[in-house]
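The values are calculated or read from the model by the stated rules, or taken from the named source; none is laboratory data. Note that this is a predicted model, so its numbers are computed, not measured. Using ideal geometry, Cβ is built from the backbone for each residue, glycine included, and neighbour counts are taken over all protein chains shown. Each accessible area value is taken on the protein alone, full model and side chains, heavy atoms only, with ligands, DNA and RNA left out. Shrake-Rupley method; radii C 1.70, N 1.55, O 1.52, S 1.80 Å.
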Amino acid sequence: MLYGPKGASQQVPSRNDSVAVITDIHANLPALEATLARIDELGIEAIYCGGDLVGYGPHPNEVCALIADRRIPTIYGNYDHAIARDLDDCGCAYVTPHDRALGRGSVEWTLEHTDQGAKDFMRELPFDLRFAVGTTDVHLVHGSPRKVNEYLFEDKPARLYERLAAAETARLLAFGHTHKPWLREYGGVLFVNCGSVGKPKDGDPRGAFAVLRATPAGIDVTIERVEYDAAAVAREVAAAGLPVEFADKLVAAA
């Protein structure tokens, strides 16, 4: 285990009929700005953030500042946890040595370019949040309720999700980390991967976020997509000295 929950979950006292859940912004300010504008346009009552504010992108300080300025309840992602504590390991999984080298370069760049104010902000973020949408209790984590860096992919065995459901007290578990949105019910718990605002990996370069709406029967969940100038951000990534592969993946979203 890299690091898991410490202490009790943070309970957000408000109850809303519509909520947007954003996650995995990864220092992509234009994607975050476009997403927040779309959420405001939709008239969503509240926004929650599932972490990974920084890493891979060129705007770590601006993203942290905007999240703080909007007072969006936020949890830490694995990247946030590492950068806030000046650690050189973000807890990511790498398939090849080349991927690992790219990841190390991202961590080094982010450590160097994230200011102390942003690090202090991320250090105070909780592991998870609990809130309600209508009558439905929601539990928000970054990777999983067990570990901040556990990848909950859609094609993992059903028995994994059934075990997680058996231990879950909320009706809906919202998470991110894989950058690939999906939703499915296991053991009476609705699992919702909210995708990624700033670094999608599902072949669609548009930012992704989840919208949860209360209904008479319980809750309705949709994954929304929002366009932004990904090509312009890709140019910023390359100009900042980050690996060109990160720029290419913003446009290809794979």
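Listed here are the residues, each with its yes/no results for (1) assigned to a helix (DSSP H, G or I); (2) under 17 Å from the mean Cα position of the chain (by Cα); (3) not aromatic (Phe, Trp, Tyr).
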{"residue": "Ile72", "(1), (2), (3)": "no, yes, yes"}
{"residue": "Tyr76", "(1), (2), (3)": "no, yes, no"}
{"residue": "Ala101", "(1), (2), (3)": "yes, no, yes"}
{"residue": "Arg104", "(1), (2), (3)": "yes, no, yes"}
{"residue": "Glu112", "(1), (2), (3)": "yes, no, yes"}
{"residue": "Met122", "(1), (2), (3)": "yes, yes, yes"}
Can you pull out the residues in the range 78-115 that are at pLDDT below 95, of a type outside the set (Ser, Thr, Tyr) and in contact with a helix residue (DSSP H, G or I) (Cβ under 7 Å, 6 or more places away or on another chain)?
Asp88, Asp89, Cys90, Gly91, Cys92, Leu102
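Can you work out which of the residues in the range 235-244 that are surrounded by fewer than 13 Cβ atoms within 10 Å (Cβ to Cβ) and part of a helix (DSSP H, G or I) is nearest to the chain's Cα centre (by Cα)?
Let us first name the residues in the range 235-244 that are surrounded by fewer than 13 Cβ atoms within 10 Å (Cβ to Cβ), namely 239, 241, 244.
If we keep only those that are part of a helix (DSSP H, G or I) too, we end up with 239, 244.
Values: Ala239: 25, Val244: 23 Å.
Filtering the range 235-244 for residues that are surrounded by fewer than 13 Cβ atoms within 10 Å (Cβ to Cβ) and part of a helix (DSSP H, G or I), the one nearest to the chain's Cα centre (by Cα) comes out as Val244.
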If you go through the range 33-46 one residue at a time, do you hit one that is closer than 23 Å to Asn193 by Cβ, touching a helix residue (DSSP H, G or I) at 6+ places or on another chain (Cβ under 7 Å) and touching a residue at least 24 places away in the same chain (Cβ under 8 Å)?
no
If you go through the range 67-108 one residue at a time, how many are of a type in the set (A, V, I, L, M, F, W, C), out of contact with any Phe, Trp or Tyr (no Cβ under 9 Å at 6 or more places or on another chain) and open to solvent by less than 40 Å² (accessible area, probe 1.4 Å)?
2
A careful count of residues in the range 146-161 that are surrounded by 14 or more Cβ atoms within 10 Å (Cβ to Cβ) and aromatic (Phe, Trp, Tyr) gives 2
Of (1) touching a His at 6+ places or on another chain (Cβ under 7 Å); (2) in contact (Cβ under 8 Å) with a residue 60 or more places away in the chain, Tyr151 satisfies every one except (2)
Test Arg235 against the criterion of being modelled with pLDDT of 95 or more, in contact with an Asp or Glu (Cβ under 6 Å, 6 or more places away or on another chain) and not hydrophobic (A, V, I, L, M, F, W, C), and give yes or no.
no
Only one of (1) touching a residue at least 40 places away in the same chain (Cβ under 8 Å); (2) under 27 Å from Tyr94 (Cβ atoms); (3) charged (D, E, K, R); (4) surrounded by fewer than 19 Cβ atoms within 10 Å (Cβ to Cβ) does not apply to Arg130, and that is (2)
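Can you give me the number of residues within the range 213-234 that are part of a helix (DSSP H, G or I) and either touching a Lys or Arg at 6+ places or on another chain (Cβ under 6 Å) or surrounded by fewer than 15 Cβ atoms within 10 Å (Cβ to Cβ) (or both)? Don't jump to the end; show me each part of the working.
Of all residues in the range 213-234, those part of a helix (DSSP H, G or I) come to 230-234.
With the extra rule that they be either touching a Lys or Arg at 6+ places or on another chain (Cβ under 6 Å) or surrounded by fewer than 15 Cβ atoms within 10 Å (Cβ to Cβ) (or both), the set shrinks to 231-232.
Residues that pass the stated criteria total 2.
Does at least one position in the range 162-184 carry a residue that is in contact with a helix residue (DSSP H, G or I) (Cβ under 6 Å, 6 or more places away or on another chain) and either open to solvent by 70 Å² or more (accessible area, probe 1.4 Å) or under 17 Å from Pro73 (Cβ atoms) (or both)?
Applying the first criterion (in contact with a helix residue (DSSP H, G or I) (Cβ under 6 Å, 6 or more places away or on another chain)) to the range 162-184 yields none.
No: zero hits.
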Inside the range 40-58, can you point out the residues that are hydroxyl-bearing (Ser, Thr, Tyr) and open to solvent by less than 10 Å² (accessible area, probe 1.4 Å)?
Tyr48
Hey, which of the strands (runs of 3 or more DSSP E) in the range 135-212, taking only ones fully inside, have at least 2 residues that are within 13 Å of the chain's Cα centre (by Cα) and modelled with pLDDT of 95 or more?
172-175, 189-193
